[in-house]
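The block underneath contains the structure these notes are about, expressed in C-alpha cells.
The values are calculated or read from the model by the stated rules, or taken from the named source; none is laboratory data. Since this is a predicted model, take the numbers as computed values, not measurements. Every residue, glycine among them, receives a Cβ derived from its backbone with ideal geometry; neighbour counts consider all protein chains shown.
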Amino acid sequence: MFSEAALDKARKLQQEWRREVSQGYEQKLKFELPQYTTESGIPLKYIYTPLDVKEMDVEISGAYPYTRGIRPLGYQYTPWMIQILHGYGTSEETHHRTEYLLKEGMVGYAGQPVALIQVDPPTTCGYDPDDPRASGTIGLGGASVSTLDDLDVLLKGYDLAKTRVAPNNRFTCLPMLAMYLVYAEGRGYKPQELNGQSQNDALTRWITTDIGGPTPATQQKLRIELIKYCTQYMPRWNHTNLCGYLYGEMCATPAQELGIVLSQAIELIEDCIKAGLAPDSFIPRFSSQLHVGMDFFEEIAKLRALRGMWAKIMRERFGCKDPRSLQYRIHVHTGGSALTAQQPLSNITRAALQVLATVLAGVQSNHTCSYDEAIGLPSEDAVRTAIRVNQIILHETGVAKVSDPLGGSYYVEWLTDKVEEEARKVMTEIFDLGGFLNCIENGWLRGLLESQSIKWRREIDSGKRTIVGLNAFKTEEEIEVPPFAFDLAQTERRAIEQLRRWKANRDNAEARDSLQKVREAMQKYQTMEQAGDLMPALIEAARAKCTLGEMMGAIVEVSGGRIYSRGYRA
Amino acid sequence: MSSKVLLARFALDGHDRGIITIINACREKGMEVIYIHFSDPKEIVKSAMEEDVDVIGITSSMGQHLYIAAKLAKALAEDKVDIPVIIGGVIPTIDVPKLEDWGIKKVFGPGTSPEEAVNFISQLTGARID
C-alpha cells in the first residue's frame, strides 16, 4: 500500500514525535500520559501513521469484502431509511402514529413508506388481550395485534407491494407472518409481492430480557420454518434480522456484539442447510439490527468490520457465490440506554452523534431514539425531533455526499481490523463452549451480559465512566419533559371488546379444527430436516380467523416453555 | 440480623438490567434477596407473607407503575399486610405524588445508583450495613 520511502519517512517522523512527547510533555511538563482504551478494551495509541496499516488492502465500495460499503453508490443514490420503530395502544393509535411519522419524514428507499411496528408485550409473547396474563400491559410500548382486523386497521390504505412492513415480534414472528400473508391475500396480494421484514430473532431477547416462551431449541425450529417458507414463497421478504442491539443495551462491548451476532448467524445458517436450503437461496435475505453507543470511532469501525466479516464468512465458510449473500445490510438502532432522564434535551445531542457515526459507516437504515425515552414512551414532539436529527445530517452537513469518508484513515482502518480481531476471539470462545445455542442453554451468554451490566453501573458509581448530567455536570433544577401517557385501562377494554366481536363473527368449529392441525404439524416437527409443514398449517388457521394467541398457544401446548428466561438451563 | 428483600418484576416487562444491578447490590450488602415475577400483584403479597420479608421492591420500565401500585396497595390492604414498598425504573417524576399517596415509600427514577436504593432499604429495616 505504501512505498518503502513513505514508510521510512513515517518511521522517522514517528521517532521525532516520540522524542518530542517524551521531552516536551513527560520530562519538561511532568505530564503523565493517559492510558486510553476503546469500549471493547482495545488499547489506543495517541496517533496513527502508515506504519499501523502497512498491510491494508486497497478496497472500494461495492466490491468484496465490502468493508467500505455494499453498493458502488451509497447515499448519493438513495439515503438511508429513516425507520422509526413505533407503536402503542390498539392498532388504531399506532396507525395514527405511523401516519404522523410518515408525514414528518419517516421514509424507506425511493420515498416509499415504511412501517416498523413494535407490538405490545402480550402480542410479542402470543397472549391475546383476553388472556389473564396480558392484563396491565395491553398497548404498552407497542400495538396490540391479535386479529386480521387489527392488521387492517394498522395497514389500511398502504400499498403492500411498496410499503416495507416490519412487525417487531419476539417468538410470535411465524404466526404473525401467517396472519400478514392472509391479510395481504384478502387485499389481492400474492406472497411473492410482499416486501418487508420479520425479525425472527427471539433468542436475542431470551438472553437480554427476562421473558421466556418456548425453549431456545424450539424457538430455533420456528425460525428455520419461517426462513424455509420465505425462501420458497416470499423472495422479497427479509426473513431474519439478526439483532445485536439488545446485547449492546445489556452493555456488551462492540466486539462482543459482533462476536455474538456472527456466531449465532453461523449456527442458524447451518440449521437452515440441515433443513434442505442452499446457502445462496436464503443468505441474501439476512440483515442485522445493530446497537450504536457513544464510542464514536469504535462504533464506526464495528459497522465497517461487520460487513467485511460477513462477506468473508459467507464466502469462505459457506461457499456463497451470489454477491447478494456477501453484501450485508445493516439497520442501526441508536442506543436507548445511553440516554438519561436527567437533562433530557442532552439526549438529542447523543442521538445526533450516534446517527452521525451510523451515517459515516454507511449503513442502510436507522432508528433514532427520542430524547424522552428515559422518562417514558416517546411523545410526538420527541419522535419528530428524532427524525429531524436524520434530516439535518442528510440535508445540512454534507456528510452523505461521499461514500465511506473515513476509508483510508490510518486510525479507522487500524481500528476496523482490531474490532474484527476482538470479535473473532469472542466467536472462538462461543464455539469452544459448544456454540451459540449451547451458550444460551448453559447460561454463559446471560452470565456474560449480566456481569457487563453490573460492571457498567460500577464504573458510573465509581466515577470511572462519565455520563454528563448523571454523575457529572448535574443541575439542581431538573428540566421537566412532560411524559407521554395514554389511557391504559380504556385500551385494555377496547382491545378485549374488539377481540370478542372478532370471535363472535367466525366459524368456531373451523377455527378449532385448524388449530388441531397446527398442533399436529408442531408434533411432527422434531428435527430441522422436517421443517416445512408448520407454516402452511398456520396459514390455514389464519384463514379460519384464528387469533395470534390461539396459534401461538397451539404451538406452545405441544412444545412447552417457560414464562421467564433467567436461570434457564437446558 | 440481615434484611430480607422481595424484589418483583412484572412478568411481561422484560427490562431487567436495572433489577439485576439492584439484586447484586443488595446481596453484596449481605441482604437476602427473593426475586419473583408476577402477573397479578396479589402474587407479590402472597410471596411477601410466605417469605416474611422486610421490604418489597418493584421494578417497572414500561409505564405500568401506576397500574401495579394501585392493585398492590389494594391487595396489601385486603390482607392487612404492612410491609414497606419501594419502586424503581422508568418512572416520570410527575407520577411520584400519586405513588406516594398509594403508600409507596420511595420512588427511584432512572439513573439512581444501586447504593442509594440499598441504603434506603437498610434505613427502612433498621439493619446495619457494612
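Within segment A:257-270, is there a residue that is under 30 Å from residue A:149 (Cα atoms), more than 14 Å from chain B (Cβ to nearest Cβ), touching a residue at least 12 places away in the same chain (Cβ under 8 Å) and of a type in the set (S, T, N, Q)?
Restricting attention to segment A:257-270, the residues satisfying the condition of being under 30 Å from residue A:149 (Cα atoms) are none.
No, because not a single residue in segment A:257-270 is under 30 Å from residue A:149 (Cα atoms), more than 14 Å from chain B (Cβ to nearest Cβ), touching a residue at least 12 places away in the same chain (Cβ under 8 Å) and of a type in the set (S, T, N, Q).
Which members of segment A:338-350 meet the condition of being more than 12 Å from chain B (Cβ to nearest Cβ) and out of contact with any Gly (no Cβ under 9 Å at 6 or more places or on another chain)?
If the condition is that a residue be more than 12 Å from chain B (Cβ to nearest Cβ) and out of contact with any Gly (no Cβ under 9 Å at 6 or more places or on another chain), then A:345, A:348, A:349 are the ones that fit.
Mind listing whichever residues of segment A:80-101 are in contact (Cβ under 8 Å) with a residue 12 or more places away in the chain, more than 26 Å from residue A:202 (Cβ to Cβ) and either surrounded by fewer than 22 Cβ atoms within 10 Å (Cβ to Cβ) or out of contact with any strand residue (DSSP E or B) (no Cβ under 8 Å at 6 or more places or on another chain) (or both)?
The answer is A:92, A:100.
Note down all Cβ pairs under 8 Å where the first residue falls in segment B:1-26 and is within 7 Å of another protein chain (Cβ to nearest Cβ) and assigned to a helix (DSSP H, G or I), the second is buried (at least 24 other Cβ atoms within 10 Å of the Cβ) and of a type in the set (Gly, Ala, Ser), and they're at least six residues apart or on different chains.
Final answer for the pair search is none.
Does segment A:475-502 hold any residues that are touching a residue at least 40 places away in the same chain (Cβ under 8 Å) and either more than 10 Å from every other protein chain (Cβ to nearest Cβ) or touching a Leu at 6+ places or on another chain (Cβ under 6 Å) (or both), and which are they?
Of everything in segment A:475-502, those that are touching a residue at least 40 places away in the same chain (Cβ under 8 Å) and either more than 10 Å from every other protein chain (Cβ to nearest Cβ) or touching a Leu at 6+ places or on another chain (Cβ under 6 Å) (or both) turn out to be A:475, A:479, A:484, A:491, A:494, A:495, A:496, A:498, A:499, A:500, A:502.
Could you grab the pairs with beta carbons closer than 6 Å, sequence gap of 6+ or different chains, first residue in segment A:232-255 and within 14 Å of chain B (Cβ to nearest Cβ), second one assigned to a strand (DSSP E or B) and not acidic (Asp, Glu)?
Close Cβ pairs (under 6 Å, with a partner that is assigned to a strand (DSSP E or B) and not acidic (Asp, Glu)) amount to A:243/A:289; A:245/A:289; A:245/A:291; A:245/A:333; A:248/A:291.
Mind checking which residues of segment B:51-88 are of a type outside the set (Val, Ile, Thr), touching a Ser or Thr at 6+ places or on another chain (Cβ under 8 Å) and either within 14 Å of chain A (Cβ to nearest Cβ) or at positive phi (or both)?
Once the filter is applied, which keeps residues that are of a type outside the set (Val, Ile, Thr), touching a Ser or Thr at 6+ places or on another chain (Cβ under 8 Å) and either within 14 Å of chain A (Cβ to nearest Cβ) or at positive phi (or both), segment B:51-88 yields B:62, B:64, B:88.
Within segment A:531-546, can you find the residues that are in contact (Cβ under 8 Å) with a residue 24 or more places away in the chain and over 15 Å from residue A:513 (Cβ atoms)?
Across segment A:531-546, the qualifying residues are A:531, A:532, A:534, A:535.
Among the numbered criteria (1) within 11 Å of chain A (Cβ to nearest Cβ); (2) modelled with pLDDT under 95, which one does residue B:35 miss?
(2)
For every residue, the table says whether it meets (1) in the same structural domain as residue A:343 (by TED's automatic domain parsing); (2) modelled with pLDDT of 95 or more.
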{"residue": "A:447", "(1), (2)": "yes, yes"}
{"residue": "A:452", "(1), (2)": "yes, yes"}
{"residue": "A:455", "(1), (2)": "yes, yes"}
{"residue": "A:469", "(1), (2)": "no, yes"}
{"residue": "A:473", "(1), (2)": "no, yes"}
{"residue": "A:477", "(1), (2)": "no, no"}
{"residue": "A:481", "(1), (2)": "no, no"}
{"residue": "A:484", "(1), (2)": "no, no"}
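If we keep just the residues of segment A:88-139 that are assigned to a strand (DSSP E or B) and within 14 Å of chain B (Cβ to nearest Cβ), which is nearest to residue A:495 (Cα to Cα)? Talk me through it step by step, then tell me what you get.
Going through segment A:88-139, the residues assigned to a strand (DSSP E or B) turn out to be A:90, A:107, A:114-119.
Checking the rest, the ones that are also within 14 Å of chain B (Cβ to nearest Cβ) come to A:118-119.
Numbers: A:118: 16, A:119: 13 Å.
In this case the residue turns out to be A:119.
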